[in-house]
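Everything on this sheet refers to the single structure shown next.
The values are calculated or read from the model by the stated rules, or taken from the named source; none is laboratory data. All values derive from a computational prediction rather than experimental measurement. Positions of Cβ are generated from backbone atoms using ideal geometry, with glycine treated the same way; all protein chains shown enter the neighbour counts.
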Amino acid sequence: MAHEAPSEADAAGAENFERILAKDSRVEPKDWMPDAYRRSLVRQISQHAHSEIIGMQPEANWITRAPSLKRKSILMAKVQDEAGHGLYLYSAAETLGTSRDEMMDALVQGTARYSSIFNYPTVTWADMGAIGWMVDGAAICNQVPLCRASYGPYGRAMVRVCKEESFHQRQGFEILLELANGTPEQRAMAQDAVNRWYAPSLMMFGPPDDDSPNSKQSMAWNIKRFSNDELRNRFVGMLVEQVKVLGLTLPDDEVRFNEDTKKWEHGPLDWEEFKEVLAGRGPCNAQRLERRRSAHEDGAWVREAASAYAEKQAAEHAQKVAA
Amino acid sequence: MSPQESTESTTPAPGEGGHRWPLWEVFVRSSRGLSHVHAGSLHAPDAAMALRNARDLYTRRNEGVSIWVVPSDAIAASDPDAKGAFFESPQGKDYRHATYYTKSEGVKHL
Ligand SMILES: [Fe+2]
Ligand SMILES: [Fe+2]
């Protein structure tokens with residue numbers, strides 16, 4: 001928002017903004033905020049929204065082949081939730097003055113980013129279990145602290161999202177538990193899925209702290225509350241305990257609890273692969289974008305028809321009122 | 001939660017970008033006897049579609065027994081910058097609260 005006379009209004013606004021942060025209170029849409037804060041939020045929230053929307057695809061891939069009607073219903077409900085999460089987040093981003101169409105266009109044109117995890121293929125049914133348990137699990141670790149993000153609409157969207165996520169994780173865990181207690185083939189399938197999703201899910205927290213340039217500023221603005229590595233370590237600690245219940249193993253011999261730092265540690269991750277996937281060169285990037293683009297284009301006639309109908313109704317109503 | 005959060009500077013310019021749908025604010029009554037509370041916002045071509053979308057988006061788990069949708073444009077919001085002037089100062093107005101009256105302490109049913 002352009003201020004005609006930047007000096008006085010901005011100075012007062014900036015002072016108020018700093019006061020809000022110092023009190024750990026919330027910034028609301030109509031408040032003055034630094035341009036960089038606004039831009040950074042738009043980037044983060046829209047990327048988050050895109051991730052929810054693209055994230056529907058790897059799981060939607062298995063809806064028609066779910067092993068039972070119960071599992072099919074559960075999977076559909078989960079994928080529908082993810083669509084809802086995307087919409088909550090787009091709404092939150094819009095309060096910052098960026099239109100929905102702008103964000104949609106950026107996504108289908110391939111200029112927007114989304115979480116690298118959704119560019120990996122889902123090759124077996126067990127992947128539905130591993131995704132729910134580890135991918136949604138990592139998302140929860142990330143999102144719970146975001147409920148306290150300094151930007152009000154973002155925090156409120158995250159509260160809504162977090163309430164729904166716990167079912168996602170549990171249903172995934174249950175899928176793995178059932179497979180792990182099934183036939184040797186099913187058990188092998190579960191272990192294979194865990195092996196493939198482990199490293200990508202750890203990378204969901206973003207690059208290591210010493211290679212994460214935006215983190216510091218984001219923490220100073222009370223958007224981010226914990227560093228990438230802190231969250232990742234915490235997550236590994238949870239997996240270690242949970243994988244025992246499954247009777248499976250994590251594909252990482254270097255996982256250990258460091259008695260000195262009181263933190264969980266894990267083996268090295270392939271950050272080159274992470275960068276490649278993020279840059280659009282992962283196994284499914286092209287396919288995911290193409291699917292989103294064609295869904296958007298194929299749905300155009302529905303949006304146009306709904307608009308035409310609304311206009312017609314409004315015109316008829318106006319005529320009746322005039323008569 | 002105030003309804004202003006999704007309204008300002010987001011109203012799409014009509015006609016731009018083909019068929020942009022207007023923004024609606026959604027209010028949900030979670031159960032009988034309670035007020036409608038702002039849940040969020042969404043885009044829809046008209047009120048009927050806004051209601052249906054709101055049902056799908058904000059009440060997938062029995063969160064509501066009634067929904068209101070209001071065009072975001074129709075909401076007038078107070079200006080946060082004018083806070084001091086707009087909202088009356090509570091200073092020196094303790095007598096508006098029951099706790100101000102201490103002499104009756106110990107009197108039953110008062
Ligand atoms: Fe989600
Ligand atoms: Fe989820």
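Scanning segment B:39-63 for residues that are at negative phi, more than 9 Å from chain A (Cβ to nearest Cβ) and modelled with pLDDT under 95 yields a single hit, B:Glu63. Which condition from (1) modelled with pLDDT under 95; (2) of a type in the set (Val, Ile, Thr); (3) closer than 16 Å to A:Asn222 by Cα is the one that A:Val42 breaks? The number of the failed condition is (1). Listed by first and then second residue, the pairs linking a residue in segment A:31-56 that is away from chain B (no Cβ under 14 Å) and closer than 13 Å to A:Arg100 by Cα to a residue that is among the aliphatic types (A, V, I, L, M) and within 16 Å of ligand 2 (Cβ to nearest atom), with Cβ atoms under 9 Å apart and 6 or more places separating them unless they lie on different chains, are A:His50/A:Leu89.
How many residues are more than 12 Å from ligand 1 (Cβ to nearest atom), surrounded by 24 or more Cβ atoms within 10 Å (Cβ to Cβ) and under 12 Å from A:Lys78 (Cβ atoms) when one looks only at segment A:130-172? Looking only at that region, the number is 1.
For segment A:1-118, please list each of the helices (runs of 4 or more DSSP H) lying entirely inside it that holds at least 2 residues being closer than 30 Å to B:Leu23 by Cα and within 16 Å of ligand 1 (Cβ to nearest atom). Full working, then the answer.
Numbers: elements: A:6-22, A:35-54, A:56-60, A:69-94, A:100-108.
Where helices (runs of 4 or more DSSP H) fall fully within segment A:1-118 and carry at least 2 residues being closer than 30 Å to B:Leu23 by Cα and within 16 Å of ligand 1 (Cβ to nearest atom), they are A:35-54, A:56-60, A:69-94.
Going through (1) under 24 Å from the mean Cα position of the chain (by Cα); (2) within 26 Å of A:Ser215 (Cα to Cα) one by one, A:Val243 falls short only on (2).
Of all residues in segment A:64-76 being within 16 Å of A:His168 (Cα to Cα) and surrounded by fewer than 16 Cβ atoms within 10 Å (Cβ to Cβ), which is nearest to ligand 2 (Cβ to nearest atom)? Among residues in segment A:64-76 that are within 16 Å of A:His168 (Cα to Cα) and surrounded by fewer than 16 Cβ atoms within 10 Å (Cβ to Cβ), the one nearest to ligand 2 (Cβ to nearest atom) is A:Met76.
Rundown of residues vs (1) touching a residue at least 40 places away in the same chain (Cβ under 8 Å); (2) more than 16 Å from ligand 2 (Cβ to nearest atom); (3) more than 13 Å from A:Leu89 (Cβ to Cβ), yes/no style:
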| position | (1), (2), (3) |
| --- | --- |
| A:Gly155 | yes, yes, no |
| A:Gln169 | no, no, yes |
| A:Ala180 | yes, yes, yes |
| A:Glu185 | no, yes, yes |
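Kindly establish whether B:Gly33 is assigned to a loop (DSSP other than H, G, I, E, B), more than 9 Å from chain A (Cβ to nearest Cβ) and modelled with pLDDT under 95. When the stated conditions are applied, B:Gly33 does not pass them.
Confirm whether A:Gln143 is within 10 Å of another protein chain (Cβ to nearest Cβ), part of a helix (DSSP H, G or I), over 15 Å from A:Val42 (Cβ atoms) and without any contact (Cβ under 8 Å) to a residue 24 or more places away in the chain. No: the conditions fail for A:Gln143. Restricted to segment A:87-128, and to residues that are of a type in the set (Gly, Ala, Ser) and surrounded by 24 or more Cβ atoms within 10 Å (Cβ to Cβ), which residue is nearest to the other protein chains (Cβ to nearest Cβ)? Restricting to residues being of a type in the set (Gly, Ala, Ser) and surrounded by 24 or more Cβ atoms within 10 Å (Cβ to Cβ), the top hit is A:Ser91. Might you check whether a residue that is more than 16 Å from ligand 2 (Cβ to nearest atom) and touching a strand residue (DSSP E or B) at 6+ places or on another chain (Cβ under 6 Å) occurs anywhere in segment A:90-99? Among the residues of segment A:90-99, at least one is more than 16 Å from ligand 2 (Cβ to nearest atom) and touching a strand residue (DSSP E or B) at 6+ places or on another chain (Cβ under 6 Å), which makes the answer yes. If you go through segment A:188-219 and keep only what is more than 19 Å from A:Glu18 (Cα to Cα), assigned to a helix (DSSP H, G or I) and without any contact (Cβ under 8 Å) to a residue 60 or more places away in the chain, you end up with A:Ala188, A:Gln191, A:Asn195, A:Asp209, A:Asp210.
Inside segment A:125-140, can you point out the residues that are more than 10 Å from ligand 2 (Cβ to nearest atom) and either of a type in the set (Val, Ile, Thr) or not in a helix (DSSP H, G or I) (or both)? Give the steps one after another, and end with the answer.
Step one: filter segment A:125-140 for residues more than 10 Å from ligand 2 (Cβ to nearest atom), giving A:125-130, A:133-134, A:138.
Passing the criteria: only A:Trp125.
Selection of segment A:8-30 for residues being away from chain B (no Cβ under 11 Å), more than 17 Å from A:Ala220 (Cβ to Cβ) and among the hydrophobic types (A, V, I, L, M, F, W, C) yields only A:Ala11.
When A:Glu265, A:Glu273 are screened for being closer than 17 Å to A:Asp209 by Cβ and modelled with pLDDT of 95 or more, only A:Glu265 passes. Checked against (1) among the hydroxyl-bearing types (Ser, Thr, Tyr); (2) at pLDDT 95 or above; (3) within 17 Å of the chain's Cα centre (by Cα), A:Ser166 passes all but a single condition, namely (2).
Within 16 Å of ligand 2 (Cβ to nearest atom) and not charged (D, E, K, R): is that true of A:Ala49 in this structure? Can you show your working first?
Details: within 16 Å of ligand 2 (Cβ to nearest atom): yes; not charged (D, E, K, R): yes.
Criteria met by A:Ala49.
State whether one or more residues within segment A:191-202 are closer than 19 Å to A:His50 by Cα, away from ligand 1 (no atom under 16 Å from the Cβ) and surrounded by 18 or more Cβ atoms within 10 Å (Cβ to Cβ). Give the derivation first.
Restricting attention to segment A:191-202, the residues satisfying the condition of being closer than 19 Å to A:His50 by Cα are A:200-201.
This time we only want the ones that are away from ligand 1 (no atom under 16 Å from the Cβ), so: A:200.
Keeping just the survivors that are surrounded by 18 or more Cβ atoms within 10 Å (Cβ to Cβ) gives A:200.
Yes, segment A:191-202 has at least one match.
Residues in segment A:65-85 that are under 22 Å from B:Asp56 (Cα atoms) and away from chain B (no Cβ under 14 Å): A:Leu69, A:Lys70, A:Arg71, A:Lys72, A:Leu75.
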